[in-house]
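Undergrad: Shown below is the structure under consideration.
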Amino acid sequence: MTHAGGGRTLNGAIDRIEAHFTSRHTRAALLARQALGKVQPEDRAVRERLVQEMRAETRIDGSVGGAPLPTIWRAIELMDLGHGGDQVGTIRVLGWVLNLQDKPGNYAEGCTPTRHQRGTCEHYLGGFFSPGPPNKRVTPITLPHGSAVRKERAARFMISCLALRAVLRGGQEKRAPVVRHLESLVGLQERWGEWGGFLAPDMVTAALHALALAPPPFRSILPRAAAYVVENQSADGTWEGANLFQAVAALAAAGTPEARLGMRRAVPALLSRQRRDGTFGTVARDERALIGLRALVLVRREMEEQPAHAG
């Protein structure tokens with residue numbers, strides 16, 4: 001099974017990532033083996049140990065050092081490891097995250113003539129999570145998948161979308177502010193306009209990933225939103241101005257036919273960036289390897305499920 005990418009093969013790329021994760025005892029390694037259907041006998045014990053360590057690192061108030069981004073990611077990590085939104089440790093972390101919603105410093109706060117015209121102010125948007133007060137910079141930040149964000153408003157938007165993903169996975173989709181956040185993302189999607197316009201490409205893919213976890217009434221937007229991202233994909237499988245791994249993760253979460261097309265087109269870009277050890281560089285090494293693996297496995301599965309064409 002081959003794919004364009006400097007002569008590298010899809011199966012070879014998957015095998016290299018598998019080898020990277022084989023002897024590792026991390027959250028990403030557990031999820032990688034799960035994606036490959038190659039869970040090891042000791043993985044259950046590793047999972048329990050990781051959950052205990054993560055819970056021990058959280059404060060009694062549920063936060064990780066009182067910092068929004070690490071705390072939001074901790075909620076996602078715990079749920080990745082099977083510690084669901086109905087379990088005490090995760091409930092406490094999610095409670096701390098939910099307390100950030102509609103607080104001063106959130107993306108929607110404030111109104112200027114330009115923001116009002118674009119529909120990006122508090123008169124149109126709500127439910128956003130605040131990563132910090134408006135008079136305190138939160139940038140620069142590095143998101144878990146390795147994307148560096150230096151623009152303040154983009155960072156506040158993307159952190160809020162990550163928080164929305166966490167609370168949706170934690171079963172909080174019926175809360176009024178959460179619904180308002182989803183409604184706001186839907187409204188913004190209808191005004192995305194030109195790629196790289198008033199919303200940076202990374203903000204678009206962050207919104208797509210959050211919408212991909214939304215309940216059914218909101219998921220009807222996914223085909224159109226995913227198509228928009230894929231329509232703006234470059235010939236080499238990347239996106240101008242967007243982090244490749246963030247875009248691929250968002251498309252994998254969306255799972256629509258349009259999203260799957262974008263993932264197939266992204267394969268050459270992934271193959272060309274893979275190192276001999278199976279990873280994609282030193283930045284967010286395991287997280288990017290996991291994103292790449294999941295995408296490549298999904299593409300391979302889809303190719304295997306396609307009926308063979310007659311001679």
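The values are calculated or read from the model by the stated rules, or taken from the named source; none is laboratory data. Since we're looking at a predicted model, the values are computed, not measured. Glycine also receives a Cβ, built like all others from the backbone with ideal geometry; neighbour counts cover every protein chain displayed. Surface areas here come from the heavy atoms of the whole protein model, side chains and all, with no ligands, DNA or RNA. Shrake-Rupley method; radii C 1.70, N 1.55, O 1.52, S 1.80 Å.
Undergrad: What full-extension length gain, to one decimal in nm, is calculated for PHE198 and CYS111 as 0.36 nm per residue of separation minus the Cα-Cα distance?
TA: 29.8 nm
Undergrad: Probe radius 1.4 Å, ligands and nucleic acids ignored: give me the carbon and sulfur share of the accessible area of the chain as a rounded percent.
TA: Carbon and sulfur: 51 percent of the exposed surface of the chain.
Undergrad: Now a separate question. Along the stretch 253-267, what does the Karplus equation 6.51 cos²θ - 1.76 cosθ + 1.60 (θ = phi - 60°) give for ³J(HN,Hα), rounded to whole Hz, x for Gly and Pro?
TA: 5, 5, x, 7, x, 5, 5, 5, 4, x, 5, 4, 5, 7, 4
Undergrad: A follow-up question, please. Where the centre of each part is set by its Cα atoms, how far does the stretch 56-106 sit from the stretch 17-43, in angstrom?
TA: 25 Å
Undergrad: Continuing with the same structure: What are the residues whose amide H is under 5 Å from the amide H of GLN101, where those residues sit 5 or more places off or on another chain and H is modelled from the backbone?
TA: Long-range HN contacts for GLN101: SER130.
Undergrad: How large is Rg/Rh for the chain, to two decimals, with Cα atoms and a Kirkwood Rh?
TA: Answer for the chain: 0.97.
Undergrad: Could you point to the residue in THR282, LEU188, GLN306 farthest towards the positive end of the chain's charge dipole, with +1 and -1 charges on the Cβ of Lys/Arg and Asp/Glu respectively?
TA: So the residue we want is THR282.
Undergrad: How fast does the stretch 46-112 diffuse by Stokes-Einstein, in µm²/s, taking the Kirkwood radius from C-alpha pairs at 25 °C and 0.890 mPa s?
TA: 196 µm²/s
Undergrad: Using alpha-carbon positions, what is the distance between the centroids of the stretch 236-311 and the stretch 153-223, in Å?
TA: 22 Å
Undergrad: Right, here's the next one. Can you give the calculated 222 nm mean residue ellipticity of the chain, where each DSSP H run of n ≥ 4 adds -39,500 (n - 2.57) and the sum is split over every residue, rounded to the nearest 500 deg cm²/dmol?
TA: -17500 deg cm²/dmol
Undergrad: Using the crude model of +1 on Lys and Arg Cβ and -1 on Asp and Glu Cβ, and no other charge, please compute the dipole size for the stretch 130-202 relative to its Cα centre, in debye to 20.
TA: 320 debye
Undergrad: Quick one: what do you get for the stretch 246-311 if you divide its Cα Rg by 2.2 N^0.38 Å?
TA: 1.19
Undergrad: Given Cβ point charges of +1 (Lys, Arg) and -1 (Asp, Glu) and nothing else, what value in debye, to the nearest 20, does the dipole of the chain about its Cα centre take?
TA: 380 debye
Undergrad: Another question, then. Using the Karplus curve 6.51 cos²θ - 1.76 cosθ + 1.60 with θ = phi - 60°, what ³J(HN,Hα) values do you get for each residue of the stretch 15-27, in whole Hz, with x for Gly and Pro?
TA: After applying 6.51 cos²θ - 1.76 cosθ + 1.60, I find 4, 5, 5, 4, 5, 4, 8, 3, 9, 8, 10, 10, 4 Hz.
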